[in-house]
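Have a look at the structure below before the remarks.
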Amino acid sequence: MHRIGQHQLRPMGFPGAPGVGDIDVGIYHRIISTRPQNLIKYHPMWESQGLTSLDYSWRRNNGLYTGVTLGDPGPGDGRFAPSFDGLTDFNNIYSAGFAADFNGAEFTVELWGACTAAMLTDGQWRNLIYISVDVNNRVVLQKSNVNNLFYGVYVAGGVNLNRSFTMSDTKWHHWAITGSKINNQVKIYLDGVQQGATLVGLGVWAGALVANGNCIGAQNTVPNQVHLGWLAHAAISDVALTPQEITRNARRM
Amino acid sequence: MWHGYLGIEDIALTAQQRQQLIDWFKGLGRPQIEQPAHFCHWRIRLDGKAAIFEALFEEANITIENVKARLAQIFGVDPATISHAVVQTQYGPTVTFNRSGEKLRMIQFGGSPGGCTWMTSGDAARAYVKANLAQWEAPA
């Protein structure tokens, strides 16, 4: 059980953020303390009511819930998480501020997610998170239309780099994708473990994020390819976190 | 109040009529926003001619007679001149509204309000989308 120290007070103006003495603030604390200056978006999604998905990064670009059911149990952190119905639900995290902050050449996208048994074998594409300019410039963590088969995808300038991996249970897992044009590397992680070899040969990211194509739990705001399960603690940084940092953030406790 | 999923399909509405009807459906559901799932929201079919709505609906708002009254208002006709037929499908009761030909189809996913839960309604709606996937999802 992790307890944060007296010097690590909750961020100002954020009701619901774990504070001193709260039980198990591990996930929140690790994300918020991992290169905080590079953390440009962080949605714990532990709200119990309302349409606003608070952004706990220093950038404060809130998201907007559509249709989700708030208040379900989270990934073992004693907090809530929203469920997504696989039909009409998403969290629209686009904002002009986020579009200005996001760096498609240097990034980390990570989140916690659990899938229903139906999602794992329903033969449909479903997205945990989708960050995009257009089809030729996007960062995606998704389930494919093949049973239990997931993808981490990075497309820049039309160059598609992706890695598939399997996951076949309904437990909470940590998902991440990091990319660095400078280092010519894209890495996909599940539960802090890199999936397959490092992807190389990155294209050139171009364009600004599009207003209707940056969602947690769906491909877009239509919504298409909606997640069927639970998602929490979605965080985006403007730097590729190291494998050690990803492994640390993937710890539950 | 009933929390569930409704589907509508434009059979032969004009674009203006369709938009008026969609705007009306968007206004249904619980106005309070404590729980996003209760607030009326929707997804549109790829061709723009069908939609699925989810909300905490007032049952009286989604009766056949009430939808018929709204259609009559849109058409500028007497509601008595609009007929309907109900067919039970595997996704729930499907109502086809007719005024000089079929105009609109409505599905109460999972069954009539009071007769199904939010989960069973959602299961029916998900099964419907899966059975018509090419119409609702663009290729990945």
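The values are calculated or read from the model by the stated rules, or taken from the named source; none is laboratory data. Note that this is a predicted model, so its numbers are computed, not measured. FYI the Cβ positions are ideal-geometry reconstructions off the backbone, even for glycines, and counts take in every protein chain you see.
Before moving on, here are some points about what is shown:
- Top-ranked residue in segment A:35-54 [being assigned to a loop (DSSP other than H, G, I, E, B) and in contact (Cβ under 8 Å) with a residue 40 or more places away in the chain; ranked as farthest from A:G179 (Cα to Cα)]: A:W46
- Residue count for segment A:146-168, restricted to those that are without any contact (Cβ under 8 Å) to a residue 40 or more places away in the chain and touching a Leu at 6+ places or on another chain (Cβ under 9 Å): 9
Residue by residue, here is whether (1) under 11 Å from the mean Cα position of the chain (by Cα); (2) buried (at least 20 other Cβ atoms within 10 Å of the Cβ) holds:
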{"site": "B:D23", "(1), (2)": "no, no"}
{"site": "B:P31", "(1), (2)": "no, no"}
{"site": "B:E34", "(1), (2)": "no, no"}
{"site": "B:W42", "(1), (2)": "yes, yes"}
{"site": "B:D47", "(1), (2)": "no, no"}
{"site": "B:F53", "(1), (2)": "yes, yes"}
{"site": "B:F57", "(1), (2)": "no, yes"}
{"site": "B:E65", "(1), (2)": "no, no"}
{"site": "B:R70", "(1), (2)": "no, no"}
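- Residues that are under 12 Å from A:A235 (Cα atoms) and either in contact with a strand residue (DSSP E or B) (Cβ under 7 Å, 6 or more places away or on another chain) or crowded, with 24+ Cβ neighbours inside 10 Å (or both) within segment A:33-53 comprise A:R35, A:N38, A:L39, A:I40, A:K41, A:Y42, A:H43, A:P44, A:M45, listed in sequence order.
- Pair list, Cβ < 9 Å and 6+ apart or interchain, from segment A:61-82 residues that are away from chain B (no Cβ under 14 Å) to residues that are among the basic types (K, R) and not in a loop (DSSP other than H, G, I, E, B): A:N61/A:K41
- Scanning segment B:75-94 for residues being in a loop (DSSP other than H, G, I, E, B) and small (G, A, S) gives a total of 1.
- Considering only residues in segment B:95-122 that are in a helix (DSSP H, G or I) and surrounded by fewer than 19 Cβ atoms within 10 Å (Cβ to Cβ), the one that is farthest from the other protein chains (Cβ to nearest Cβ) turns out to be B:T120.
- Flag if B:H3 is in contact with a Ser or Thr (Cβ under 7 Å, 6 or more places away or on another chain) and not hydrophobic (A, V, I, L, M, F, W, C): no
- Filter pass, A:N147 being touching a Ser or Thr at 6+ places or on another chain (Cβ under 7 Å) and exposed (fewer than 15 other Cβ atoms within 10 Å of the Cβ): yes
- Of the listed requirements (1) more than 14 Å from chain B (Cβ to nearest Cβ); (2) without any contact (Cβ under 8 Å) to a residue 40 or more places away in the chain, A:E106 misses just one: (2).
- Residue match in segment A:134-145 (condition: assigned to a loop (DSSP other than H, G, I, E, B) and more than 12 Å from chain B (Cβ to nearest Cβ)): yes
- In segment B:114-130, the residues that are more than 16 Å from B:E9 (Cα to Cα) and touching a residue at least 24 places away in the same chain (Cβ under 8 Å) reach residues that are part of a helix (DSSP H, G or I) and not small (G, A, S) with C-beta atoms within less than 8 angstrom, at least six apart or across chains, in these pairs: B:G114/B:E59.
- Any hit, segment B:59-82, residues being within 13 Å of chain A (Cβ to nearest Cβ) and at pLDDT 95 or above: no
- As a summary of the residue check, A:G97 satisfies the conditions (1) assigned to a strand (DSSP E or B); (2) of a type outside the set (S, T, Y); (3) more than 17 Å from the chain's Cα centre (by Cα) except for the one numbered (1).
- Qualifying residue in segment A:196-212 (condition: at pLDDT 95 or above, under 24 Å from A:S83 (Cβ atoms) and within 14 Å of chain B (Cβ to nearest Cβ)): yes
- Candidates are the residues of segment B:131-140 that are surrounded by 15 or more Cβ atoms within 10 Å (Cβ to Cβ) and of a type outside the set (A, V, I, L, M); the one that is farthest from the other protein chains (Cβ to nearest Cβ) is B:W136.
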